[in-house]
Amino acid sequence: MWRRTLLQVTRRYSSKPLAKKNPLGSLSNTGKDEVRPKAYAPPTPPIDLHKRAEEPYEPKEKHDRVSFEYPQSRTPNKPPSNSRRTKRFLPVILLCIGGGWGVFAYKFLTDDTPTEFLSRDKFIPFVITNKIDIDKDHYFLEVMPKFSKWKSDPKQTEYWDGNRLWSVEVKQPQIMVVRRYTPLPLEIYTSEFTGEKLVRIQEEDMATMEGKLVFYIKKYNQGEVARWLSRKPIGSEIELRGPYIEFEFPKTLNNNVERPQMMNLPSKVSADPVFPLKPDNLAFYAAGTGIAPALQLLLTKNPYKGFVDVYYSHKTDEEVPISRLMFFLEKLDRARFTHLVQDHRQKLLPKHVSSPTASHYVKYLEALDKGETPQINKDLQATFKTALEQAEKTSRVAKLAPSLALVCGPDGYVEYVSGAKPFDKEGQGNIGGLLEKKGWTSANVYKL
């Protein structure tokens, strides 16, 4: 019976047509789903890697090599770019630039190095560069600025113009005391032949001479600043403040014409130019270190244009500074020095004081007020090659009396010559002493 049933099932399924193959799957499109077994590829037999090849290896003459390369660029060949390297070091470069700028800005903002040669608002550091003794109580002190920023402005040294007398203050920092000294346009040098220290005029511009100043100083036992300076060795630092105008000469028509500066050799000095007005003569009464202002106005650039009669009172012959230059000034007929030495029992007397004369500039202005034609200077119409040649003629001509008197020295000396100078208030005080007896007034006398 089971055989009959199996035969019937076989006939039923064998009489139906086969389902068409669906390309998208194993299911037919007849509407009836029919599951059919999926065919698989037979597995690949394993490979024995240790098995030797049955055929012997024969090398070929040509090999078809396969290479894999990047496609060739259509642009022409160029050197490799450094952009990557630049980008790598860019932060370091920016850091260095920023750091350098910061250091520069810090130094610029915090740098307190003075830019002035001298200043009245603050003390400027100077360095002692040389010293030379004149006698046991007097010496020359040479200083120069510690810093050199002032050289960028050539107007820093226009104090040496001959139109004024000026001084500077030296500070004693231990007790905060200052004292004024008159600088001289000199310098100390060592002789090539003897090795001795000597003093000479600074003939060149102050900027090229490193801004040197020389002071004529006396060692006072009671003077705190003078005693302190005498103990300072070469290379020490001191502080100066100034300049302070001690006296300014009246302006005249001659201010526009400069007089040649005195030089170390008189033969090199040029002759004076023709001045519009005849220069006024000057009487200078000095004692001790009070000779310094007289030397400043005679040795400076564009020195005093008139004749200067100097009455110099001092204790000994040895304390006279730069006597050689004083002799040269007399040879050029620019000055006359009358030495009154205390050791020789010499003293300034009324015979040494002459009566004043009116200023040529005042006469010129008076003539203009009257409508007259002022007389022009005719003394120097002839031309000369050198100052020595000119002095041969002018020295034979009698000198006119001075129209201006300057007095500088110790308090007792100033009072004896021109009356006491008050200290409790500004001003010159009344004119007295020898000058008052000869007719001098406050209009033509000045106490330094």
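Taken together, the values in this text are just the output of simple stated rules run on the coordinates, not laboratory data. Because the structure is a prediction, the values reported are computed rather than measured. Ideal geometry is used to build each Cβ from the backbone, glycine not excepted, and the neighbour counts take in all protein chains shown.
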- Task: With only alpha-carbon atoms counted, please give the Rg and Dmax of the stretch 250-447, in Å.
- Result: 17.6, 55
- Message: How large is the direction-averaged shadow of the alpha-carbon convex hull of the stretch 112-248, in nm²?
- Response: 9.2
- Label point 7 Å beyond Cα of Lys370 along Cβ direction - residues of the stretch 244-288 with amide nitrogen under 18 Å: 278
- What is the distance in Å between the Cα centres of the stretch 163-240 and the stretch 325-375? 29
- Message: Counting other beta carbons within 10 Å of each residue's own, what order do Glu436, Glu158 fall into, fewest first?
- Response: Glu158, Glu436
- Just list whichever of Lys151/Lys212; Lys251/Lys331; Lys131/Lys331; Lys212/Lys331; Lys197/Lys331; Lys331/Lys399 have alpha carbons separated by over 19 Å in the model shown. Lys251/Lys331; Lys131/Lys331; Lys212/Lys331; Lys197/Lys331
- Expected unfolding gain across Lys421-Phe384 under the 0.36 nm per residue rule, minus the alpha-carbon gap, is 9.0 nm
- Loop trypsin sites (Lys or Arg not before Pro), the stretch 258-359, which have at most 15 other Cβ atoms in a 10 Å radius of their Cβ (DSSP): Lys315, Arg345, Lys347
- Task: May I ask you to derive the FRET efficiency for Lys351 and Lys149 from their Cβ-Cβ distance with R0 = 41 Å, giving the value to the nearest 0.05?
- Result: 0.15
